[in-house]
Amino acid sequence: MVSEKDFISTDFASIEKGSFQWSSPSNIALVKYWGKKENQIPANPSISFTLNNCKTITKLDFSKKETNDTFSFDLLFEGKPKEDFKPKIQKFFERIEKYCPYLKQYHFTIDTENTFPHSSGIASSASGMAALSMNIMSLEKALNPTITDDFFYQKASFLARLGSGSACRSIKGNVVVWGKHDEISTSSDLFGVEYPSQLHENFHNYQDTILLVDKGEKQVSSTVGHDLMHNHPYASTRFEQAHTNLSALKKVLENGNLDEFIKIVESEALTLHAMMMTSMPYFILMKPNTLEIINKIWKFRNQTNIPICFTLDAGANVHVLYPENVSETVLQFIQQELVGYCQNGNYICDIIGNGSQLM
Ligand code: PMV
């Protein structure tokens, strides 16, 4: 079994300067990660679809510096300095230094941008931390060309996890499992792994239309949210349920049963929000329009038998999930009946994708 120590790298050549650029997608969890232990270890396993269009593109320039006692980096967002992003990166570097001891030898310029609007309510921490981790692993590979591809991607996911838990599911593969699960032998708490079984064709090119109900800043950071699962009255039952739901979903991803898929995915979304509503302090992140959309989706599904369903992140936006072969009808329904509930009528059409890419 791979352990944390396997990611402590030691053997390096010397390189003066260089540059890499990676894009990493966002991902949408089907079985949700909510609650963690020390060092970003998840309290339960989760599984996600990797997205394709919502992504962060990050360029990393590096040049060797004289002294190596501090981290040194400039941070640009869409080409302009962005001071308020720096503390998060500083903290990330501190967390990963043990595994990447070469970081203090370089000055970095990190230039990052998202393909989705910054204030869309779509979290950029998963795609952002994944893209930065890919770049760091490209640097590591330049310093030590003997590392294998498996190690490269595994460590990229391991590093991304230390930046933002769900980021470890934005590295490689269109369906990714993170967190130890009995029926998925390759799964690990330390990094995300590609879903190892055959994916039923019903899920090929699965669609995710993201309805932007509320583009405001998050009311509750995910750090605070995860913390509220400590001493939560329903925590242990919830963590067990995630294992059961992942077992059930594994079967569904193999047999293509969309009715079962819908039950698991919608229940997971509502359970995530139920956990928030029953923590202390409690909070409600859904908005009236979130509920309007959910009800419309249920009505449409009942009337047409079209297998569309919703899922939610820790926010008010709704992800509408459906197979490719019904996309024309569903898009019409979305445009006619759901877009009116979106802030300024905004929504994003996405589709299941393959993960991070070198540019
Ligand atoms: O990666 P974090 O710490 O931002 O947590 C994300 C948690 C959810 O998006 C609500 C669920 C998930 O599994 O992605």
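The values are calculated or read from the model by the stated rules, or taken from the named source; none is laboratory data. Bear in mind that the values here come from a model prediction, so they are computed numbers and not experimental data. Reconstructed Cβ throughout: ideal geometry from the backbone, glycine too, with neighbour counts over all protein chains shown.
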ALA167 - would you say it is within 14 Å of PHE49 (Cα to Cα), in a helix (DSSP H, G or I) and within 18 Å of the chain's Cα centre (by Cα)? yes
Taking the conditions exactly as written (within 30 Å of GLU240 (Cα to Cα) and either in contact (Cβ under 8 Å) with a residue 40 or more places away in the chain or not assigned by TED's automatic domain parsing to the domain that holds ALA235 (or both)), does PHE93 satisfy them or not? no
Residues of segment 203-259 being in a helix (DSSP H, G or I), of a type in the set (D, E, K, R), surrounded by fewer than 17 Cβ atoms within 10 Å (Cβ to Cβ) and within 16 Å of the ligand (Cβ to nearest atom), which ones? ASP227
Per the filter on segment 248-269, residues over 17 Å from HIS204 (Cβ atoms) and free of Cβ contacts under 8 Å to residues at least 40 places away in the same chain are ALA248, LYS251, GLU260, LYS263, SER267
How many of the residues making up segment 328-357 are of a type in the set (S, T, N, Q) and closer than 30 Å to TRP22 by Cα? 4
Given the conditions (1) at pLDDT below 95; (2) more than 16 Å from the ligand (Cβ to nearest atom), every one holds for PHE93 apart from (1)
Would you tally the residues in segment 173-211 being more than 18 Å from VAL2 (Cα to Cα), modelled with pLDDT of 95 or more and touching a strand residue (DSSP E or B) at 6+ places or on another chain (Cβ under 9 Å)? 13
Filter segment 152-191 down to residues that are without any contact (Cβ under 8 Å) to a residue 60 or more places away in the chain and away from the ligand (no atom under 16 Å from the Cβ) and give me whichever is farthest from LEU103 (Cα to Cα). SER185
Among the residues of segment 8-27 satisfying the criterion of being under 21 Å from the mean Cα position of the chain (by Cα) and not small (Gly, Ala, Ser), which is nearest to the ligand (Cβ to nearest atom)? ASN27
Just for segment 312-330: of the residues that are among the acidic types (Asp, Glu) and away from the ligand (no atom under 16 Å from the Cβ), which one is surrounded by the fewest Cβ atoms within 10 Å (Cβ to Cβ)? GLU328
Hey, PRO81 hits all of (1) touching a residue at least 24 places away in the same chain (Cβ under 8 Å); (2) touching a strand residue (DSSP E or B) at 6+ places or on another chain (Cβ under 9 Å); (3) not β-branched (Val, Ile, Thr) but one; which does it fall short on? (1)
If I filter segment 28-60 down to residues being buried (at least 19 other Cβ atoms within 10 Å of the Cβ) and of a type in the set (D, E, K, R), which single residue comes out as nearest to the ligand (Cβ to nearest atom)? LYS32
Got at least one residue in segment 192-199 being away from the ligand (no atom under 16 Å from the Cβ) and of a type in the set (Phe, Trp, Tyr)? no
Test result for MET275, out of contact with any strand residue (DSSP E or B) (no Cβ under 6 Å at 6 or more places or on another chain), touching a residue at least 24 places away in the same chain (Cβ under 8 Å) and within 16 Å of the ligand (Cβ to nearest atom): yes
